[in-house]
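For reference, the structure is listed below as structure tokens.
Each value in this text was obtained by applying a stated rule to the coordinates, not by laboratory testing. Note that the structure is a prediction, hence the values are computed from the model and not measured. Neighbour counts are summed over all protein chains in view; Cβ atoms, including those assigned to glycine, are modelled from backbone coordinates with ideal geometry.
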Amino acid sequence: MTINLQRLASLIRKEVTHLLRDRRALAFMLGLPLLQLFLYAYAVNTTVYHIPMAVVDQSQDAKSRAFIQALVNSQYFDYTRQMQNENEVINAIDNGQVKAGLVIPPHFATNTDRGTASVLMLLDGSDSASVTSGYSGASLVAQNYALELISEQVIHKTGMRSPSQLNAASLPIITSTRVLYNPDMIDIWFLLPGLVGMLLQTLAVQQAALIMVRDRELGTIEQILVTPTRPLELVLSKMIPLLALCLMALGVIVGLGVFWFGVPFHGSLFLYFWLSLLFIASSLGLGMLVSVRATTQRQAQQSALATMMFGLLLSGMIYPRLAMPLIPRLIGDILPMTYFIRISRAIFTKGVGLTFVWQDALTLAIYGLIIVVVVARNFKKRLD
Amino acid sequence: MLERASVQEHAKSSELAISASGLTKTFKTRRGSITAVDDLSLQVSPGETYGLIGPDGAGKTTTVRVILGLLTRTAGESSILGFDSMNDTYEIRQRVGYIAQQNVLPADMTVMENMKFFAGIQGMSKQDQIRRIPELLEFAGLSNFTGRLAGKLSGGMKKKLALACCLIHEPQVVLLDEPTLGVDPVSRREFWNLLGNLRAERGLTIFVNTPYMDEAERCTQIGLIYAGRLIARGAPAEIKAMVPGHVIEFTPTDSTPALRRISGMEGVFEVQTYGERLHVFVDDVSRRKPEIEAALATEGIAHNELRPVEIRMEEAFISLVQRQNQIAAKAQAQSSNPLAWKAASGGVS
């Protein structure tokens, strides 16, 4: 495969002209990733607070009220309704009036003293986020409350002076957890490095898919095919302007992430830039591949959408790849994003160097090279 | 196939500008396959203006695309300047200019950008571009429109720009697929004058597809394509001479009974209708004219004066197509293709 640089330059100039002349499409191209960034940053929150909760307190004593207060204080639950029995609570959850229900049976205080107290927590299982947050919130509060009660009893019996002394002395295991890189567990810090991959792959795949069919759909391909232009030149001429465009988007997304959302960038920007370049080139190649046989922009758009969906679900951006069965994991392996998200998290959040990400980087480099060759080979040199 | 013996038949393909033999192109569709070009052979000598004439759907565009290597061929051979259409694609593309049928120049680029783009992808040096582009713009009459977007040009100007772009690399052969489709008559004439100049000044070989019969007259050689087959070939005068007899024209008050009465008469080959007007093809004008007049009188059909007229290209074509259909019908008893003729509907006045 030979490349004539003059021809390539002419073809690139043509593609750049197309990109710049259609201002509305250009604005949309660059605006959409930004919109997505803000949506993810502000709208996506995996922990749910203030779950509306109905309460049945059949005990009505100091300890039951203290327990309810502890749940409300945890911010996980809001005490929105008082009810008489379990059936009413289930009804309220059925109706969607509340998402959680607490049933405290009679004689709560007496039972806690005996150590046989139990409460019933009902959660709306149709809403996974509420269940997860409600479950962990309720368990946390109940445990703390129980611990407090035990310590009171022990202090009472042994005459110890303070509860803190007791904790250290009487619990057999103490887990001390330290979350590295993101000690406050801020959602956007977790999300952004993956989001960079998601947004760029979407942009790259979509635009590459569209640019591949545009000449074909407009008919201009016929006039270009009768010139000595080679497929590889055509493919590269479409890839290079989009590469520049995606790099601009990368700059904007990372810039906003760091300066607007305050996500710290720990690694080397230089390394991050070059590996992003590899990733974008591979994604563009993937976009071209999915539409190399397409004849209309609609077909191209649909293949691009499918790729985006796979990326969202299977790349490890949101759902952990460790938990996936083999086949979805293999599909995820086809996506450049899967490799880049690991690289991005490593450099962005952990601040590690090439020694830690070289495998993924090498995979992306090989991937990019192969896919461009495959696209050029599959490029239809004729009209049929 | 109706053929005129031609010296070109025996010329070597390498000396020919364009050659095709037994060329066949079949498209596969869900409902089976369609043969768009059927065992087509043609030869174009250098310097000729060859017109491939036929109605819409006859296979003109497919033929030119296969010859250019834009479509794969199902069977047969084709070459341009001795280079095989399928295997020497890039050799051909360096030496050949082509205007596709649709408006195929990037519409959001200006006239000048289009020229530079095509010059660039043809690998022309900057010096050559500086010399050649103004020359071609002048030739095409586009010198004052260099900054205008190609999409904003009139239909005729678009075609002239396409011509200028396809000539940028000084090709030896140009293939034009219905270059004047949808172009007003004045622009059509201008376009053909440009082609005439090219032939005269540069000895350019021109291969043109057209459904317009008046354009056929401007070609040195024509081939009539119908339902994928080349049914006649030769110089325009030769094509006309293929139709036996002479033509008598008249307009009866009621054409249907007149047509019925005259069709079966002795010495009448065929009758073509042009609206109310009838063209009667006869073996001998002086002998048949009084006979027809007498026949019409007995039927009581009034008419204007019967007068002999020169046979026109489209009449020759319709006659040849009808004869082809009769041959086909006899051979396979299959129904003919009801194809619309642009010229028949638009060119009679």
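Working from label points 7 Å from Cα in the Cα-to-Cβ sense, the A:LEU362 to A:LYS380 distance is 3.9 nm.
Among A:LEU312, A:LEU354, A:LEU140, the largest mean-square fluctuation in a Gaussian network model of chain A, built with springs joining Cα atoms closer than 10 Å, belongs to A:LEU140. Residue order for A:PHE28, A:PHE340, fewest other beta carbons within 10 angstrom first, comes to A:PHE28, A:PHE340. Cross-link reach is defined here as a Cα-Cα straight distance under 27 Å, omitting same-chain residues fewer than 8 places apart; for B:LYS28 the lysines meeting it are A:LYS380, A:LYS381, B:LYS60. Of the trypsin sites (Lys or Arg not before Pro) in the stretch A:176-230, the ones in a loop by DSSP (not H, G, I, E or B) with at most 14 other beta carbons within 10 Å are A:ARG178.
For the protein assembly as shown, DSSP calls about 60 percent of its internal beta bridges antiparallel.
For the stretch B:116-181, the square roots a ≥ b ≥ c of the C-alpha gyration tensor eigenvalues yield an a/c of 1.5 or more together with a/b not exceeding b/c, which makes the shape oblate. For the stretch B:4-239, the Cα gyration tensor yields ellipsoid semi-axes of 29, 19, 19 Å (square root of five times each eigenvalue, largest first, whole Å). Shape analysis of the protein assembly as shown places it in the prolate category; the axes a ≥ b ≥ c from the Cα gyration tensor give an a/c of at least 1.5, with a/b above b/c. Between A:LEU234, A:LEU284, A:LEU180, the residue with the greatest mean-square fluctuation in the GNM of chain A (Cα pairs under 10 Å linked by springs) is A:LEU180. Our summary gives chain B a relative contact order of 19 percent, counting only alpha carbon pairs under 8 angstrom and 6 or more residues apart. With a ≥ b ≥ c the root eigenvalues of the C-alpha gyration tensor of chain A, is it rounded (a/c under 1.5), prolate (a/b larger than b/c) or oblate? In terms of gyration-tensor shape, prolate.
The ranking of B:ILE121, A:ILE173, A:ILE371, B:ILE130 by Cβ neighbour count inside 10 Å, starting from the fewest, reads A:ILE173, B:ILE130, A:ILE371, B:ILE121.
Taking each DSSP H run with n ≥ 4 as -39500 (n - 2.57) and averaging over every residue of chain B yields -11500 deg cm²/dmol at 222 nm.
For the stretch B:4-239, DSSP calls about 55 percent of its internal beta bridges antiparallel. Highest GNM mean-square fluctuation among B:LYS330, B:LYS159, B:LYS25, for chain B modelled with Cα contacts below 10 Å: B:LYS330.
Listed by Cβ neighbour count within 10 Å, with the fewest neighbours leading, B:LYS158, A:LYS380 appear as A:LYS380, B:LYS158.
Looking at chain A, the DSSP beta bridges with both ends there are about 30 percent antiparallel.
For the pair the stretch A:59-79 / the stretch A:202-279, the C-alpha centres are spaced 55 Å from each other. Helical content alone sets the calculated 222 nm signal of chain A at -22000 deg cm²/dmol, taking -39,500 (n - 2.57) per DSSP H segment of four or more residues and averaging over every residue.
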